[in-house]
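What follows is a short report on a single structure.
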Amino acid sequence: VTVFGQLTLGVSIALMVDRLIRGQVIFRVLYYLPVVTSWVVVSLLFKYLFNSSPAGFINYLFVDVFHILSSPVPWLNEANTAWVAIYSLGIWKGVGWTMVIILAALQLLPEECFSAASIDGANDFQSLIFIKLPLLLPTIILVFIMLTIGAVQAYIQVALITGGGPLHRTDVILSYMYYLAFNDLDYGYSSSLSFILAAIVFVISQAQLRLQRPIEMTAGGN
């Protein structure tokens, strides 16, 4: 969820910012600020925002301000709603990184392609679908793989917001490894999971290299 959310929003925002004549630097800074913010700080902030009591900011907005709900939602007490808080934090914190990478790739695209397309009668939407996105595909794949590796390594937000609860239903690999090692003292199982995680990251990295090479050769040939 976080990978596709970050990728979709990051590409969309980069395309919009790229069209700006003024204020690009301001928007880049604003969107990138969450990326450089401490995971601990923003995790505690989102834990407060999604607090299950009526004092939680999200519940206050939904119940007291907009009157969308009649009673507070136990966000962090149930797995389905707790994932909403975790996913929201992951997307909000990572979308700026994706936007900066895609925007940098956009600004390196050859202007001659768009000039030729304009002469041939292509509109903005056709240029986006048939020129921009195909040329951006190697960068998009790279960003997708990096986001996937980052998602596999998620830990701090889960540990601080839900602690893996309720009943381990919001655990990720790293938080479950921590629980096994330091709560159950099952070091063998925990270390086995760490090797599996390393193997997953290695396979994903190799897949990215194999996928990106032919795409870069095709893009370069075009």
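Side notes on the structure shown:
- The number of residues in segment 21-52 that are more than 21 Å from the chain's Cα centre (by Cα) and exposed (fewer than 11 other Cβ atoms within 10 Å of the Cβ) comes to 4.
- Here segment 56-72 is the region considered, the condition is being open to solvent by less than 70 Å² (accessible area, probe 1.4 Å) and either among the hydroxyl-bearing types (Ser, Thr, Tyr) or free of Cβ contacts under 8 Å to residues at least 12 places away in the same chain (or both), and the residue that is farthest from residue 84 (Cα to Cα) is 65.
- Residues located in segment 173-222, provided they are open to solvent by 90 Å² or more (accessible area, probe 1.4 Å), at pLDDT below 85 and among the aliphatic types (A, V, I, L, M): 211, 217
The values are calculated or read from the model by the stated rules, or taken from the named source; none is laboratory data. These numbers come from a predicted model, not from an experiment. Ideal geometry is used to build each Cβ from the backbone, glycine not excepted, and the neighbour counts take in all protein chains shown. Heads up: the accessible areas ignore ligands, DNA and RNA and are worked out on the full protein's heavy atoms, side chains in. Shrake-Rupley method; radii C 1.70, N 1.55, O 1.52, S 1.80 Å.
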